[in-house]
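Below: the structure, in structure tokens.
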Amino acid sequence: MDFTLLDGLMPKDISTHGYQIDRLLEYLHWFMLLIFIGWAIFLTYTLVKFRARQGHKASYDEIKAKPSKYAEIFVVAFELVLLVGLAVPTFAYVRTDFPGKDKNPVEIRVVAEQFQWNMHYPGEDGVFGKTRPDLVASDNLVGLDLSDPAAGDDFVVPTMHVPVDRPVVLQLSSKDVIHSFFIPVMRVKQDVIPGMSIPMWFEATETGEYQIACAQLCGNNHFRMSAQFYVDTEKDYAAFLAENAPGGDDEEEEEEEEDE
Amino acid sequence: MSAPVIRYIDEPHPVTGVTNGKFGLWLFLASEVMLFGALFSSYILLRVGAKSWPDGWERLNVPLATANTVVLITSSVTMVMAWVGCKLNDLGKFRFYMGITVALSFVFLVIKTIEYKPKFEHYQVYFYDGATIPGYEELTTITGHLEEDDFEKDYIVFAPDKKQPSQTLPDAEGHGDHDHAEGDHDDHGHGHYADPIQINRYDIKRLTNFGPAHSNFYAIYFTMTGLHGLHVIGGIVVNLYFLLFGAGMFRSNIAQFSNRIECAGLYWHFVDLVWIFLFPSIYLL
Amino acid sequence: MSDHEHHDPGFIRKYVFSVDHKVIGIQYTVTSLLFLLFGFGLMMIMRAQLAYPQGDFSFLERIFGEAGFVGGAMLPEFYNQLGAMHGTIMVFLGVVPLAVGGFGNYVMPLQIGAPDMAFPKLNMASYWVYLPGGLIMLSSFFVEGGAAQYGWTAYPPLANTQPEYLGQTLWLVGMVFLITSSLLGSVNFIVTIVQLRVKGLSFFRLPFFVWAQFITSFLLLLAFPPLEAAGVMQLMDRVAGTSFFMPDGLVIGGRPANVAGGGNPLLWQHLFWFLAHPEVYVLILPALGIVGEVIANNTRKPLWGYRSLVYSVIFLGFMSFIVWAHHMFMTGMGQTLSIFFQTTTMIISIPSVIILTALILSLWGGSIRFNVPMLFALSFLPMFGIGGLTGLPLGLAASDIQLHDTYYVIGHFHFVVAPGTLMALFAGIYYWYPKATGRMMNEMLGKLHWIGTLVFLNGVFIPMFVQGLAGVSRRLYDQTWYEHGKEVQNWTVASSWSAWLLGIAQIPFILNFFLSLRAGKKVGENPWHATTLEWAAPSPPPHGNFTSEPVVYRGPYEYSVPGDSEDYSPQFVQKA
Amino acid sequence: MGGHTVEEIKKEVRVYITVFVSLLVLSIATVLVSKLDVSMTVAVIIGMAIASLKGTLVACYFMHLISEKKAIYAVLIITVLFFAVLMALPLMDYQSNEAFTGRA
């Protein structure tokens, strides 16, 4: 479609799956516009034609409204097609079609708290260290259990870096209240619910600097619970990992925390 | 200006066959079904989702609850007999049975109080990892009696139960097995406590009595039986009103009066009905 | 319940603790209009913060004091209080009491020819439980920590935090009062409609408004108790320290929460939406009923497809109980469930479309009078239409991914309840005002009110769709924190200015409402030449309503019957 | 309730007494049965079956549902319908989580 309704209105889409959502929204809004214009024309015409005036009388009989039946059937059919053809498969794709190991996905744990996002990277071994709520402290935001050998190379940062053109799998959890992880340009949103660990995936197609937003009221500073979101080239991403690996310099990490 | 005459207060509507009052009361009961239904539903959801759930008969006082079941069922039958008294136009009979009904409802509340009370006086302490309490080194939690809890002091004085919950499960709840008498139904006996000890506050992760805050089991137990108890109190108010002030209407308009008693009865039987489901699902399962 | 004493009731019995459904209806109407005004006022303050996030509000600080402002800047907690209370007040203290308590109480018994409600004392009790409930909620603004600030949805665990502050606790207590009031009211409504219809008034001769109230009452009766249960559980969580909604391992503010854990935050959402989706229809159905009455009267012809309207409303009532989880697509719902709820959501849109179509088709072939009630009723149709249509992308889980919890949602449901339901409620006020007071409202002021309201309501809510599509989350104290928020900030400013102008546009209404009590043109029993039973009673009707008991001879909307000398044939007039 | 003659009422009283005795017996039974060592599922089925039986007795005889008017049945049918939806709620939660690795 060349002429689109929503192009200027929506943020740009840098995800591999986002076009499916945008397409659905586009169709829906065309449909809404069509119906609304139909109503508007009918209403205007009727109101003018059947206005009360000298010599005009209302008719007792109902109009035989075949067109209304057609319109209703059209609405039902359209909804059915959208539901079965687009909405359900898209949602299933986004929610259940997780990239397999062969795609070499990046795995990150996201631990939300009032009012920041903590990105827990598993480090070189690709295994997350164990975490325990009673270990949470100001210098251990996710409660990493350092006695676990897998925890040694883990690091936690307040910004998210992901490589471009490589799937990312997130495990979302929350320390305190319900948050909602939302990246407008990535067409992903998932409530983050304490007591649950909810997986989510996406794949970025364009490098750049974007924002993660919280979409669920989580307290006074809900409005500034954002985090920077960087889509890096593989090279930059490797540099980011190396920079933050523990044993190197931790200062970078702390500096970024203070930015929050 | 006279008050408008509203139809079908004492004679039934010709089409629906019921009086306004009875129809309204059933609608009210419908909403009550949804209220208790939501709580039952929440109970199931929380219990299914829980890592572990204690056995009701271990923690709660089944003999008292069984007695209460009998009390409530009896009060239900006396309630219906009070209505029969109205139908027979026998004020004495009505008063006799209504009196028993109200008395039994009070008995229910008294038993309930006896059941609740020890739970608020029985405590459990959970310790932080690494805390060792002399004499109870292997335990991460102990139950017992809180002798002293002075906020000025940095310790509490606690008389542990002689029989402590076993530690078969790693989780701090400590209700791993069924054979011990951790429940509080036996703690109104004497000589159950060991010598009091001092426990430093910095070792205490959590200190709670066996009230609603203890765990979701007790939360459910207190909320559901408590709400049921409120309904019992409501029933007492209504029934007592009819018992004490009903005689005038009994004499002047027996038809309307027996309709009212029927409605009060419907409500009371519903309260009974809720208990019939509460009792097994909280105490026995 | 017969009263023997009613010979010369004093002022208090007549106007304060009255058992007359009409007085209670007016009490509800006036109280809920005041609450609506108050809730609207809260929103106008919010809009100041939204439009000028770094603005200096010293003038507001002088009014509200230090609780909400520091150095002229609004505090986020104050903003959140305004938001939560705006939602609660508008829904539970404003629109529902106006639509059901006000119009339902006043009009429904008249329309079925009853002398009063089935349980007049219960009716009075319902109002006197509602009012304290509302006052308890308002009083929470004056306690330490301020009013409830966790959104009108009060999602735990957030709503369980800060138990030392009374605000949310009072909110819950107030809620229990309001729920009790609704339950008493709905029992009364259902019994009255079933038992007290006058001779000849069969179910299929009931005015559409009565049908709408009937279904609404069932929704209130059966959907509110689960919220009451949830409210009790949240109250226990806050007051008794239980963990119904608190899972294991919570760390709040850097410290492990001192609770047992093991609860489930989603349980609240399920119970809340089990009420709150039917609640949406509680907001809409009476409005549809009013619009049906006004349209039939002012097109001078029968409603198109009366029976299909009735069946659609019944169907809506049933379906509204099995769509609630479409508010929860983003909570991590499984595929089967999401498909189920998407399907039921699409199905429930069908009766809505049928109702709207029927109402629009009713205009065809009429002789349309453009008086003030009709203007409001007519603008309801496209406004409600926009509200309904914009629900589609939210009802499909895939498109909901982008739009969930954004301003798009706010735009959507406000179009349903504000330009939608409120328009209908205004239509109702203008339509039944002569019945309640015996005087007409001023036509000129009414039209001024209508055009201002229509224009500025759209001005407030259309920008929200733009914001929502841009991805701006709802409930943000300052959206310019985000890049995508900055880009659409000017839309927010436009929306705010519209809101303030909307406030000004209500002045003609307020003037009209009070001035017409004295200056309005006196009217007889049936100024609109309408057909339903309320117009058989004197204006205003006395205690007991009808001078002689009416009998119903025909359906509710017999306008322009061929062969009749008049263009209306009232239900209560026997004609050859 | 149709019966209003003294004779009929006396007959009803006999029914009430019978129901009362059965309720007592069933109450004792449910306590005794709970002591049996059976699996949770079986225990729930037995417990709820007895409770439902008792509930039915109370509703049918004490609350006179056995011979009630259609209007009341209609209200109850609607209620049962929505009650069923409410009882499906725990299922929702199960379904919500099934796709995921579970609770943290």
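The values are calculated or read from the model by the stated rules, or taken from the named source; none is laboratory data. Every value quoted in this text rests on a predicted model; they were computed, and no experiment measured them. Every residue, glycine among them, receives a Cβ derived from its backbone with ideal geometry; neighbour counts consider all protein chains shown. In case anyone asks, the SASA skips ligands and DNA or RNA and just uses the protein heavy atoms, side chains included. Shrake-Rupley method; radii C 1.70, N 1.55, O 1.52, S 1.80 Å.
Residues in segment A:174-207 that are of a type in the set (Gly, Ala, Ser), in a loop (DSSP other than H, G, I, E, B) and buried (at least 22 other Cβ atoms within 10 Å of the Cβ): how many?
Number satisfying all stated conditions: 1.
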Among the numbered conditions (1) over 21 Å from D:Lys54 (Cβ atoms); (2) facing another protein chain (nearest Cβ under 7 Å); (3) hydrophobic (A, V, I, L, M, F, W, C), tell me where B:Ala30 comes up short. (1)
Whether any residue in segment C:548-569 is within 19 Å of C:Pro434 (Cα to Cα), within 14 Å of chain B (Cβ to nearest Cβ) and open to solvent by 20 Å² or more (accessible area, probe 1.4 Å) is what I want to check. no
Residues within segment A:1-21 that are at the interface with chain C (Cβ under 8 Å from one of its Cβ atoms) and either of a type in the set (Asp, Glu) or open to solvent by 40 Å² or more (accessible area, probe 1.4 Å) (or both), tallied: 1
Tell me, which helices (runs of 4 or more DSSP H) wholly within segment C:1-102 include 2 or more residues that are crowded, with 21+ Cβ neighbours inside 10 Å and of a type in the set (Val, Ile, Thr)? C:21-51
Scan segment A:134-145 and tell me whether some residue there is within 21 Å of A:Pro11 (Cβ to Cβ) and open to solvent by less than 10 Å² (accessible area, probe 1.4 Å). no
Hits in segment C:522-576 - residues which are without any contact (Cβ under 8 Å) to a residue 12 or more places away in the chain and of a type in the set (Val, Ile, Thr): C:Thr547, C:Val561
Answer from B:Asp161, B:Asp171 - the residue that is modelled with pLDDT under 90 and within 14 Å of another protein chain (Cβ to nearest Cβ): B:Asp171
Name, by its number, the condition in (1) over 21 Å from C:Leu37 (Cβ atoms); (2) open to solvent by 20 Å² or more (accessible area, probe 1.4 Å); (3) in contact with a Lys or Arg (Cβ under 7 Å, 6 or more places away or on another chain) that does not hold for C:Ile401. (2)
Number of the exception - C:Glu279 against (1) among the charged types (D, E, K, R); (2) part of a helix (DSSP H, G or I); (3) within 11 Å of chain A (Cβ to nearest Cβ): (3)
Close pairs from segment A:176-200: first more than 9 Å from chain C (Cβ to nearest Cβ), partner of a type in the set (D, E, K, R) and part of a loop (DSSP other than H, G, I, E, B), Cβ under 9 Å, at least 6 apart: A:Met186/A:Asp13
Please state which one of A:Gly152, A:Gly123 is at pLDDT below 90, on the phi > 0 side of the Ramachandran plot and open to solvent by 10 Å² or more (accessible area, probe 1.4 Å). A:Gly123
State all residues of segment C:221-245 that are more than 9 Å from every other protein chain (Cβ to nearest Cβ) and of a type outside the set (D, E, K, R); if no residue qualifies, say none. C:Gly231, C:Gln234, C:Leu235, C:Val239, C:Phe245
Hey, which of the helices (runs of 4 or more DSSP H) in segment C:427-521, taking only ones fully inside, have at least 1 residues that are β-branched (Val, Ile, Thr), open to solvent by 10 Å² or more (accessible area, probe 1.4 Å) and within 14 Å of chain A (Cβ to nearest Cβ)? C:443-469
What do you reckon, is C:Thr345 polar (S, T, N, Q), buried (at least 23 other Cβ atoms within 10 Å of the Cβ) and in contact with a helix residue (DSSP H, G or I) (Cβ under 8 Å, 6 or more places away or on another chain)? yes
Would you confirm whether or not segment B:106-127 contains a residue that is modelled with pLDDT of 90 or more, within 14 Å of chain C (Cβ to nearest Cβ), open to solvent by 10 Å² or more (accessible area, probe 1.4 Å) and farther than 30 Å from A:Asp134 by Cβ? yes
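Does segment A:51-72 contain at least one residue that is closer than 27 Å to A:Met186 by Cα and either at pLDDT 90 or above or not hydroxyl-bearing (Ser, Thr, Tyr) (or both)?
no
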B:Phe40, sole failed condition from (1) within 7 Å of another protein chain (Cβ to nearest Cβ); (2) open to solvent by 20 Å² or more (accessible area, probe 1.4 Å); (3) more than 29 Å from C:Lys121 (Cβ to Cβ); (4) at pLDDT 95 or above: (1)
Looking only at segment D:1-37, count every residue that is in a loop (DSSP other than H, G, I, E, B), loosely packed, with under 13 Cβ neighbours inside 10 Å and of a type outside the set (Lys, Arg) and tell me the total. 5
Single residue of B:Ala213, B:Ala255 found to be open to solvent by 10 Å² or more (accessible area, probe 1.4 Å) and either outside any helix (DSSP H, G or I) or within 30 Å of B:Glu152 (Cβ to Cβ) (or both): B:Ala213
Suppose we keep only residues that are among the polar types (S, T, N, Q) and surrounded by fewer than 24 Cβ atoms within 10 Å (Cβ to Cβ) within segment C:358-378. Which one would you say is farthest from the chain's Cα centre (by Cα)? C:Ser367
Taking segment B:49-74, which residues are assigned to a helix (DSSP H, G or I) and at the interface with chain C (Cβ under 10 Å from one of its Cβ atoms)? B:Gly49
Restricting the search to segment A:208-222, which residues are out of contact with any helix residue (DSSP H, G or I) (no Cβ under 8 Å at 6 or more places or on another chain) and open to solvent by 30 Å² or more (accessible area, probe 1.4 Å)? A:Glu209
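Yes/no matrix, rows are residues, columns are (1) modelled with pLDDT of 95 or more; (2) more than 10 Å from chain C (Cβ to nearest Cβ); (3) surrounded by fewer than 16 Cβ atoms within 10 Å (Cβ to Cβ):
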position	(1), (2), (3)
B:His185	no, yes, no
B:Ala194	no, yes, no
B:Arg201	no, yes, yes
B:Thr208	no, no, no
B:Gly229	yes, yes, no
B:Gly234	yes, yes, yes
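Residues are listed down the side, and each one gets a yes or a no for (1) open to solvent by 40 Å² or more (accessible area, probe 1.4 Å); (2) of a type outside the set (A, V, I, L, M); (3) in contact with an Asp or Glu (Cβ under 6 Å, 6 or more places away or on another chain):
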residue	(1), (2), (3)
B:Leu25	no, no, no
B:Ser31	no, yes, no
B:Pro54	no, yes, no
B:Ala82	no, no, no
B:Leu88	yes, no, no
